[in-house]
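The values are calculated or read from the model by the stated rules, or taken from the named source; none is laboratory data. Remember, predicted model here, so these are calculated numbers, not experimental data. Every residue, glycine among them, receives a Cβ derived from its backbone with ideal geometry; neighbour counts consider all protein chains shown.
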């Protein structure tokens, strides 16, 4: 792990991302239950999706936010980073189901329900969801009252972001907009689309960065700044996702490009056109950097992660 | 709430159950998110299943276990009782899905996915799941280091019971036995059926009682005794469920009797016959009482709840 006060270059960021990804993957393998503690099929199904080559954006934000606050507390943030990735993975498994987005390919591989059936896929998602909270409560192991208080705050933060007032609520609106909630269809204008994304992807991305800051002992002003930063990173992430769906390379995306347009999903390019969408993403990036500067977080890796989110090609 | 040291009669138990149910329902309504914090559809869907007339066995066990340890700490156990009921409800919603048990009727009403569609049903379950852990972390609100330590232990206990090594794992084995996990079918003998039930229903029932004891500040010996008691209550509950499916009154069950036999599920009556199944339930009841007596828990309502679980007709 790099020190937060290092001068940040593209190389430093790349090294941070690579090293942090390896560390997160190693810990995820250690945290996931195995037989005989659980049935083999569920252990296998959970790992199939957890180790499917994800970008690990959320754990990177958790670790970088913790390091920005206090590098010496990064160990405390690692289980939190992993727990949030478990929640993100469970949400992808459930979103891919025929009853939801009906995706058969993710990151270039058949989705979990294609391989194990819908029932086991639902259960693998549920298992990862429970495991995430068990992990947040269990690690870091500590008798320190302050650490325990932070752990409880992180569980509330992550739970709120994952639940009906966050990710689940956003996906529900998405289903309503797609006509998949019988008797409850809605049509979304631009504001409603932004609100849907703020819930569906924004809330957990914000919780990722905020949780890292909490575990590292940030004060409320710093937490608020990192929250604002992550809100814009989350929005930028979604806009860029929508742009890549229009013009991205299917081979590097690992999924079918053009799927959003084909399913008449309300995307940023559909609402604003490609050029204006690129401008909106650039606006997010500028605001994200401004939030960090205002709080005096000028030499962390958070700024570089925001740049990477907008510049990525897959 | 009744005092744990009252002499326990059938009337006392009935009064406790009625009053505790009303209290749990009132708190559940308060804890569940509403618009504008979350989309209306998900708030409605969650309430549809949470207030579907459940027996509230798990919250009763939580409250009775807490009262058995220290009546003055019952307020601390109420949010825990509610959180566990949210997890139980989410599991019923997911189990009823076409991809799992494909049940269209529960407690005399159409199941959630019949009313809202499979997608919203999956999300309502996911929302309740997240909400349960948020609630466990949030309430009881306290700055006391001991209370916070207990809250974290309860989250671990409930998370382990709900996850791959508990409820989710048991349901996965059930799907394998029912041939609903392509390429992973298994045949269960009597021991494997018992193991499946220990995971699928037993783990969360044990966690319900144990969590109440933890929140009330029980010592490790008492926690172990209440765990042993609840293990037998959970097994008895499952055996009686299977018996009622064979000979119960469909009107009072609120579901189709004989469904287990029709789907060739491995049940206790199918494995052992009705008479032997009744004997096995009675054995569980005797062991449950013995566990309480050994730990000196002789005047609590826990014994009466065990009697009720075995004597119930629906």
Considering each residue of the range B:176-194, count those that are surrounded by 15 or more Cβ atoms within 10 Å (Cβ to Cβ) and either in a helix (DSSP H, G or I) or in contact with a helix residue (DSSP H, G or I) (Cβ under 7 Å, 6 or more places away or on another chain) (or both), and give that number. 9
Keeping to the range B:152-175, report how many residues are farther than 24 Å from residue B:216 by Cα, within 7 Å of chain A (Cβ to nearest Cβ) and either assigned to a helix (DSSP H, G or I) or modelled with pLDDT under 95 (or both). 6
Just to be sure I understand, how many residues within the range A:277-298 are without any contact (Cβ under 8 Å) to a residue 40 or more places away in the chain and not in a helix (DSSP H, G or I)? 2
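Rundown of residues vs (1) touching a helix residue (DSSP H, G or I) at 6+ places or on another chain (Cβ under 9 Å); (2) closer than 24 Å to residue A:235 by Cβ, yes/no style:
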site	(1), (2)
A:12	yes, no
A:25	yes, no
A:28	yes, no
A:31	yes, no
A:44	yes, no
A:53	no, no
A:65	yes, yes
A:68	yes, yes
Among the candidates A:214, A:173, residue that is over 16 Å from the mean Cα position of the chain (by Cα) and closer than 20 Å to residue A:135 by Cβ: A:214
Picked from the range A:99-117 (must be out of contact with any helix residue (DSSP H, G or I) (no Cβ under 6 Å at 6 or more places or on another chain) and free of Cβ contacts under 8 Å to residues at least 12 places away in the same chain), the residue nearest to the other protein chains (Cβ to nearest Cβ) is A:117
Among the residues of the range B:118-131, are any away from chain A (no Cβ under 11 Å), farther than 19 Å from residue B:156 by Cβ and either in a helix (DSSP H, G or I) or at pLDDT below 95 (or both)? no
Return only the number of the condition from (1) within 14 Å of chain A (Cβ to nearest Cβ); (2) without any contact (Cβ under 8 Å) to a residue 40 or more places away in the chain; (3) touching a helix residue (DSSP H, G or I) at 6+ places or on another chain (Cβ under 6 Å) that residue B:96 does not satisfy. (3)
Are any of the residues in the range B:72-92 surrounded by 24 or more Cβ atoms within 10 Å (Cβ to Cβ), touching a strand residue (DSSP E or B) at 6+ places or on another chain (Cβ under 9 Å) and either assigned to a helix (DSSP H, G or I) or within 14 Å of another protein chain (Cβ to nearest Cβ) (or both)? no
I need a count of the residues in the range B:132-147 that are crowded, with 17+ Cβ neighbours inside 10 Å and either closer than 18 Å to residue A:167 by Cβ or at the interface with chain A (Cβ under 8 Å from one of its Cβ atoms) (or both). 7
Residues of the range A:135-151 being closer than 13 Å to residue A:80 by Cβ and part of a helix (DSSP H, G or I), in sequence order, are A:135, A:136, A:137, A:138, A:147, A:150, A:151
